[in-house]
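Data first, discussion second: the structure below is written as structure tokens.
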Amino acid sequence: MKKFPLLLMILGCLAVVACNSDGDDDDSKDYWSKYRKWREENTEWFKVKRDSLAADGTQYFQTVSPAWNPSAQILIHYHNDRSLTQGNLSPYLTSTAAVRYIGRLCTGEPFDSSYLLTNNGPAIALLSPQNSVQGMAIALMDMRVGDTCTVVMPYELAYGGQMKGSILPYSALEFEVGMVDIPYYEIPE
């Protein structure tokens, strides 16, 4: 008899959890419909970037896919001569990299920048690949200290269907990134 109130309480909690998760699915469905045009524009913008050519007729961006997720593809264009950074450290998933960056939407509108972070010195942000969106993690682990590049990621490797501050769901993102240092270089076990 003493177990009956406990059973009712557990069933009540399960009902609340079930109702809440249904609401989340409805929000996702609403976003899918509500932001259809934005999603299509971002998907097309990524394709245009992927297919863009340099002045000499070669691909402007290289496609980068990590070994741990070959279907995940971002675009990177290095602005420096990478032979000069060959042999420099490249972060692991658990490292912390010191970078300068500015992030933009497909419209060119900036949404985030390390240049706004002047509390700790000269506009440098500390980023860990494991705490970044998947597209940024891929980019950081491809870079070496001293590299500067433009990174373009599809919405699936950015925030996906989530609203994140001023970033709408299904936003493909572009970053200008410069890797300054790796102050916390973690060697994988």
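Filtered by the rule that a residue be surrounded by fewer than 18 Cβ atoms within 10 Å (Cβ to Cβ) and assigned to a loop (DSSP other than H, G, I, E, B), the range 67-87 gives A67, W68, N69, P70, S71, A72, H79, N80, D81, Q86, G87.
Residue pairs whose Cβ atoms lie under 7 Å apart, sitting 6 or more positions apart in sequence or on different chains, and linking a residue in the range 36-64 that is at pLDDT 95 or above and assigned to a helix (DSSP H, G or I) to a partner that is among the polar types (S, T, N, Q) and surrounded by 12 or more Cβ atoms within 10 Å (Cβ to Cβ), are N42/S171.
Scanning the range 144-189 for residues that are basic (K, R) and under 23 Å from S90 (Cβ atoms) yields one hit, R144.
The values are calculated or read from the model by the stated rules, or taken from the named source; none is laboratory data. Quantities reported herein were computed from a predicted structural model and do not represent experimental measurements. Using ideal geometry, Cβ is built from the backbone for each residue, glycine included, and neighbour counts are taken over all protein chains shown.
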